[in-house]
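The values are calculated or read from the model by the stated rules, or taken from the named source; none is laboratory data. Not measured: the values here are computed from a predicted model. Here Cβ is always computed from backbone atoms with ideal geometry, including for glycine, and neighbour counts include all displayed protein chains. Keep in mind that these areas ignore ligands, DNA and RNA; they rest on the heavy atoms of the full protein, side chains included. Shrake-Rupley method; radii C 1.70, N 1.55, O 1.52, S 1.80 Å.
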Amino acid sequence: MRTFGTLLKNELKLSIRNMNMVIFAIIMPLLVLVILGFLYGTKSAAGTAYTFLDQSFGALCTISICAGGLMGLPLVVAEYRERKILKRFQVTPVSPVMLLAVEFTIYVIYAVLSMMTLLPVAKLFWNVTIHGSWLAFLGSWMLTMVSTLSIGMMVGGIAKNEKTASVIACVLYFPMLIFSGATLPFEVMPEMMQKIIRVFPMTQGIQLMKETSLGLPAGSVWLPITVMGTVTVLCTGIAVICFKWE
Amino acid sequence: MQEALKVEQLSKSYGNLLVLDSLNLCVRQNTVFGLLGANGAGKTTAIECILGTKKADRGSISVLGRDPHKDRRNLFQEVGVQFQEGDYQPEIKVSELCEETACLYKSPSDWKSLCKQFGIKDKVNRTVKSLSGGERQRLFIVLALIPDPKLVFLDELTTGLDAKARRDVWKILENLKSKGLTIFLTSHFMDEVEALCDEICILKNGRAVFCGTATQAKELCSCEKFEDAYLAITGEEGIE
């Protein structure tokens, strides 16, 4: 526990000093919220009782998850491998699980901070509220976060160097960020496209968060839960078993 | 006396290139052992195979009685390592790097007093990348000693240090040896090897061409200076 605490403290400091994640995981979601807020204000979404921002709140919370899980986490781990920092760790008693857990926790912290900054701003200026159960919303948020971060761990755990990790991360990050509904609302996309992007675990997560935040009768909770659960178990397993020090 | 390290018939090749050829090493506890050889002779590969960061093709390795592959986490509680090209997180400070290393061990040494011993106490709040080459080298020796190890590996330990700093490092190492530490080092400075090492092994193209003490090497070649003996041994074929 002492090892975990010290590593977490130091790695978090380094991550903040680097500023990338502060910008992409904290400031950017806020910026998107403000832009959407000015564009749509408190207008209600077409033919529904809640506002457009109510509907998008869940998606806004995933921008930070996306940035951490698909850019931050894999790039840091791959960079440590390329710079032979992991090799230095290899000749110490530390386990790969401990190192991955530390990095994982850092991006959980970013996701939590992002939600904690989004919520008051959205509430204060555009009166956004969670219509459904808080517990269900937080549950679906957590599931989305854990599954996305596990993808990041897998990429970071096995990518040879920073460049490979960066290519894989970009291939995953940008389509998910743009098309899964994290930045552009899922609803404005053509139906054909909606069908294709439903396969992203991220899309499933966002849909589930939307349903729970709006308090809609959840039609098929089991599909998203199964998709995200499988992704989490698979990716975490691969990350730990195939972990490369060098 | 018990062995801290025993290597038998260690071989390793990269593709068709044979880097280590049936290497046998034995390091007794509480001694200083020097692995010597020109650049590319296989020193670093030997260390990496012994530590388990590279997999040997053949041979058996026992470090403090343990298998470095199977028993990595227990072994490295007692073994400190300084790699030739140690690296660190880009923005990390000296204090953070020491703290981060110390937290990995059950009973680490006090890194602040180690930094003081090695003359970098006033640098602990600086970033590692802002240190001079010599200061960084001393920091990496500090990191290798943080575990309070029984055995320490130092790969080119004093490269980049000035004459005074080298003497200081020797003194500290001799002091640690008197407290029971076993030291495995590589070096290109023959004065250092002669001053520190109880036993040496000279590698040439992956084969051990001499094993013994510095005095034996000098006698073998009838040289007065150890450096001349070293050059004679590595320059000629077939001296065993």
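Quick one: would you say B:SER13 is open to solvent by less than 50 Å² (accessible area, probe 1.4 Å), of a type in the set (Gly, Ala, Ser) and either part of a strand (DSSP E or B) or more than 14 Å from chain A (Cβ to nearest Cβ) (or both)?
Working: open to solvent by less than 50 Å² (accessible area, probe 1.4 Å): yes; of a type in the set (Gly, Ala, Ser): yes; either part of a strand (DSSP E or B) or more than 14 Å from chain A (Cβ to nearest Cβ) (or both): yes.
It is true that B:SER13 is open to solvent by less than 50 Å² (accessible area, probe 1.4 Å), of a type in the set (Gly, Ala, Ser) and either part of a strand (DSSP E or B) or more than 14 Å from chain A (Cβ to nearest Cβ) (or both).
So for the range B:103-117 (the condition being part of a helix (DSSP H, G or I), modelled with pLDDT of 95 or more and within 13 Å of chain A (Cβ to nearest Cβ)), does at least one residue qualify?
Yes; the residues of the range B:103-117 include at least one that is part of a helix (DSSP H, G or I), modelled with pLDDT of 95 or more and within 13 Å of chain A (Cβ to nearest Cβ).
Which condition from (1) within 14 Å of another protein chain (Cβ to nearest Cβ); (2) open to solvent by less than 20 Å² (accessible area, probe 1.4 Å) is the one that B:GLN84 breaks?
For B:GLN84, the failing item is (2).
Would you mind stating whether A:GLY181 is over 24 Å from A:LEU36 (Cα atoms) and either under 15 Å from the mean Cα position of the chain (by Cα) or among the hydroxyl-bearing types (Ser, Thr, Tyr) (or both)?
Judged against the criteria, A:GLY181 is not a match.
Out of all the residues in the range B:87-100, which are of a type outside the set (Asp, Glu) and at the interface with chain A (Cβ under 7 Å from one of its Cβ atoms)?
First, pick out the residues of the range B:87-100 that are of a type outside the set (Asp, Glu): B:88-90, B:92-95, B:97-98.
Once the filter is applied, which keeps residues that are of a type outside the set (Asp, Glu) and at the interface with chain A (Cβ under 7 Å from one of its Cβ atoms), the range B:87-100 yields B:TYR88, B:GLN89, B:ILE92.
Test each condition in (1) of a type outside the set (D, E, K, R); (2) surrounded by fewer than 22 Cβ atoms within 10 Å (Cβ to Cβ); (3) within 19 Å of the chain's Cα centre (by Cα) for B:TYR105 and report the one that comes out false.
Going through the list (1) of a type outside the set (D, E, K, R); (2) surrounded by fewer than 22 Cβ atoms within 10 Å (Cβ to Cβ); (3) within 19 Å of the chain's Cα centre (by Cα), B:TYR105 breaks only (3).
Within the range B:206-217, does at least one residue satisfy the condition of being under 23 Å from B:ASN175 (Cβ atoms), surrounded by 15 or more Cβ atoms within 10 Å (Cβ to Cβ) and out of contact with any His (no Cβ under 7 Å at 6 or more places or on another chain)?
yes
Condition (residue is open to solvent by less than 30 Å² (accessible area, probe 1.4 Å), in contact with a Leu (Cβ under 9 Å, 6 or more places away or on another chain) and either within 30 Å of A:PRO96 (Cβ to Cβ) or of a type in the set (Val, Ile, Thr) (or both)) applied to the range B:190-198: is it met by at least one residue? Steps first, please.
Residues of the range B:190-198 that are open to solvent by less than 30 Å² (accessible area, probe 1.4 Å), as a first pass: B:190, B:192-193, B:196-197.
Cutting the leftovers down to in contact with a Leu (Cβ under 9 Å, 6 or more places away or on another chain) gives us B:190, B:192-193, B:196-197.
From the residues that got through so far, the ones that are either within 30 Å of A:PRO96 (Cβ to Cβ) or of a type in the set (Val, Ile, Thr) (or both) too are B:193.
Within the range B:190-198, one or more residues are open to solvent by less than 30 Å² (accessible area, probe 1.4 Å), in contact with a Leu (Cβ under 9 Å, 6 or more places away or on another chain) and either within 30 Å of A:PRO96 (Cβ to Cβ) or of a type in the set (Val, Ile, Thr) (or both).
Can you pull out the helices (runs of 4 or more DSSP H) entirely within the range A:42-145 that have at least 1 residues that are surrounded by fewer than 23 Cβ atoms within 10 Å (Cβ to Cβ) and within 14 Å of chain B (Cβ to nearest Cβ)?
Numbers: elements: A:52-66, A:73-82, A:85-90, A:96-126.
In the range A:42-145, A:73-82, A:85-90, A:96-126 are the helices (runs of 4 or more DSSP H) which contain 1 or more residues that are surrounded by fewer than 23 Cβ atoms within 10 Å (Cβ to Cβ) and within 14 Å of chain B (Cβ to nearest Cβ).
When A:ALA25 is evaluated against the numbered criteria (1) surrounded by fewer than 20 Cβ atoms within 10 Å (Cβ to Cβ); (2) within 30 Å of B:LYS93 (Cα to Cα), which criterion, by number, is the only one it fails?
Here A:ALA25 clears every test but (1).
Just need a number here: residues in the range A:214-246 that are over 17 Å from the mean Cα position of the chain (by Cα), more than 26 Å from A:ILE85 (Cβ to Cβ) and open to solvent by less than 30 Å² (accessible area, probe 1.4 Å).
Of the residues in that region, 1 qualify.
Among the residues of the range B:33-79, which ones are within 13 Å of the chain's Cα centre (by Cα) and open to solvent by 40 Å² or more (accessible area, probe 1.4 Å)?
B:THR44
Restricting attention to the range B:145-152, does a residue exist that is touching a residue at least 40 places away in the same chain (Cβ under 8 Å), surrounded by fewer than 16 Cβ atoms within 10 Å (Cβ to Cβ) and assigned to a loop (DSSP other than H, G, I, E, B)?
We begin by selecting, within the range B:145-152, every residue touching a residue at least 40 places away in the same chain (Cβ under 8 Å); these are B:145-152.
With the extra rule that they be surrounded by fewer than 16 Cβ atoms within 10 Å (Cβ to Cβ), the set shrinks to none.
No, that holds for no residue.
Open to solvent by less than 50 Å² (accessible area, probe 1.4 Å), among the polar types (S, T, N, Q), touching a helix residue (DSSP H, G or I) at 6+ places or on another chain (Cβ under 9 Å) and at pLDDT 90 or above: is that true of A:SER166 in this structure?
Details: open to solvent by less than 50 Å² (accessible area, probe 1.4 Å): yes; among the polar types (S, T, N, Q): yes; touching a helix residue (DSSP H, G or I) at 6+ places or on another chain (Cβ under 9 Å): yes; at pLDDT 90 or above: no.
It is false that A:SER166 is open to solvent by less than 50 Å² (accessible area, probe 1.4 Å), among the polar types (S, T, N, Q), touching a helix residue (DSSP H, G or I) at 6+ places or on another chain (Cβ under 9 Å) and at pLDDT 90 or above.
Say we look at the range B:56-81 and pick out the residues that are out of contact with any strand residue (DSSP E or B) (no Cβ under 8 Å at 6 or more places or on another chain) and not in a strand (DSSP E or B); which of these is farthest from the other protein chains (Cβ to nearest Cβ)? Before you say what the answer is, go through the steps one by one.
In the first step, residues of the range B:56-81 are kept if they are out of contact with any strand residue (DSSP E or B) (no Cβ under 8 Å at 6 or more places or on another chain); the result is B:65-66, B:69-73, B:76-77.
Imposing the further condition that a residue be not in a strand (DSSP E or B) reduces the set to B:65, B:69-73, B:76-77.
Values: B:GLY65: 17, B:HIS69: 11, B:LYS70: 14, B:ASP71: 11, B:ARG72: 8, B:ARG73: 5, B:PHE76: 5, B:GLN77: 5 Å.
Applying the filter and picking the extreme gives B:GLY65.
Are any of the residues in the range B:133-142 open to solvent by 30 Å² or more (accessible area, probe 1.4 Å), in a loop (DSSP other than H, G, I, E, B) and of a type outside the set (Val, Ile, Thr)?
No.
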